[in-house]
Structures are given as C-alpha cells and as structure tokens.
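Contents: one structure, followed by commentary.
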Amino acid sequence: DLVTNTFTLSAPMSFRALLGGTQGSLLDVYGTAEYEFDNYTVKAHLNRGSNKGVVLRYGKNITDLEQEENLADTVTGICPYWMSSEDGTVVTLPEKVLWSSNASNFPYPRTAVMDFSQSFEEQPTESQLRTKAQSYIDNNNIGVPEVNIKLSFVHLWESEEFKEITNIEYVSLCDTITVKFELLDVSATAKVVKTTYDV
C-alpha cells in the first residue's frame, strides 16, 4: 500500500533523527514504518514482511528458557477501579478481579491493578466498569504470553535431500509467525526482528 502525507524539514537534523525518535520525523508524521536499508537507499514500508502461515508449537518444535520467564510473567486477570479526583470515591467490582478466558490454563494466576478513572467523566456503575475492563482484556491480549524467542535452525530448502521440495516453510526479517501454546490453549503472534547467519 502507498501512503502519502505532508513532511517538512524546518531545521537541520541528523539522518537518524529524521527517520525517527524526534517530533516531526518520518515515523512521527506517518505513524508507522518498517525501514529497509540498502547502502544509500532507505525504504519505509507499512509492513515490510508477510505472514506465510508458519506456526511454531511451544513444547514441540521450540523450547526456550527465556520464554519460560515470559509465561510466568503473563498477566491473566485485572482488578479494575475508578476513583473520583474530587472526593476520593472508589468504584470496584464485587468480584474484584476479571479473568481472561484462558486464565485457568495457567499454573498460577497473575493479576494487575488497572485504573480506569480517565475512561469516565462521571462515576460509572459497576456494570459500566465491568464492560470497560472486559473490553481492555479483549483488546490488550490479557492472558496471552509475550513472545520473545531465539531460534537456531538449518535451511532445509538449501540441502541436497530437500532441493526438490519447493513449499518448505521459511521466514525472513519482519515476517509474522504464529506461536501456539497448546497446553494453555493460546496462540500469539510475533514478528521476526533480527536474523543472523553464517555467510
């Protein structure tokens, strides 16, 4: 997709600052970009990679100690509240915690206290607070592990035994993969952010 926008340079700045990290940079103006560098040519893609349908299954074709830590730190429920800035009135839910749909699949519950005071101009009812909190759970992957995996693999499509096979799955930089945690009944997506290889 091609996106157009107005970009102006009002003062001298480094090329790195021009690309991102400062107000008025390319990232700031366009909202999102994945850069591709080729010597002196820089391309800004809305989505540089693609999703080729590659699936990694935790416990089968991936095992990773760092991922174990991510699983242990996964928030499975939230304790929502609203507080008046004028008189200190607090609204909470009778059940205190709203759990993600798959919270029972994790060995230990992990909750986070969430302040929804800015979400309502006036004091909400318990029902309104519950609806807002449930929407937050659904839209923010509560109960879905963060994916941060380092993989080492052999390029089978380059080997003599597999040279006739053309549909072997492989991923490139910025491609999206799916990681399935079958014991938890959860799927998460991850983007390839770094590749290293021996030339």
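Assorted remarks:
- Checking 92, 125, 131 one by one, the residue that is hydroxyl-bearing (Ser, Thr, Tyr), open to solvent by less than 100 Å² (accessible area, probe 1.4 Å) and touching a Pro at 6+ places or on another chain (Cβ under 8 Å) is 92 and no other.
- Close pairs from segment 123-144: first of a type in the set (Phe, Trp, Tyr), partner surrounded by 16 or more Cβ atoms within 10 Å (Cβ to Cβ), Cβ under 7 Å, at least 6 apart: 136/78; 136/114
- Meets criteria (assigned to a loop (DSSP other than H, G, I, E, B), at pLDDT 70 or above and open to solvent by less than 100 Å² (accessible area, probe 1.4 Å)) for residue 178: no
- Restricting attention to segment 27-65 and to residues that are hydroxyl-bearing (Ser, Thr, Tyr) and modelled with pLDDT under 80, the residue that is least open to solvent (accessible area, probe 1.4 Å) turns out to be 58.
- Selection status of residue 117, among the hydroxyl-bearing types (Ser, Thr, Tyr), within 29 Å of the chain's Cα centre (by Cα) and open to solvent by 70 Å² or more (accessible area, probe 1.4 Å): no
The values are calculated or read from the model by the stated rules, or taken from the named source; none is laboratory data. All values derive from a computational prediction rather than experimental measurement. Neighbour counts are summed over all protein chains in view; Cβ atoms, including those assigned to glycine, are modelled from backbone coordinates with ideal geometry. Side chains included, ligands, DNA and RNA excluded: accessible areas come from the protein's heavy atoms. Shrake-Rupley method; radii C 1.70, N 1.55, O 1.52, S 1.80 Å.
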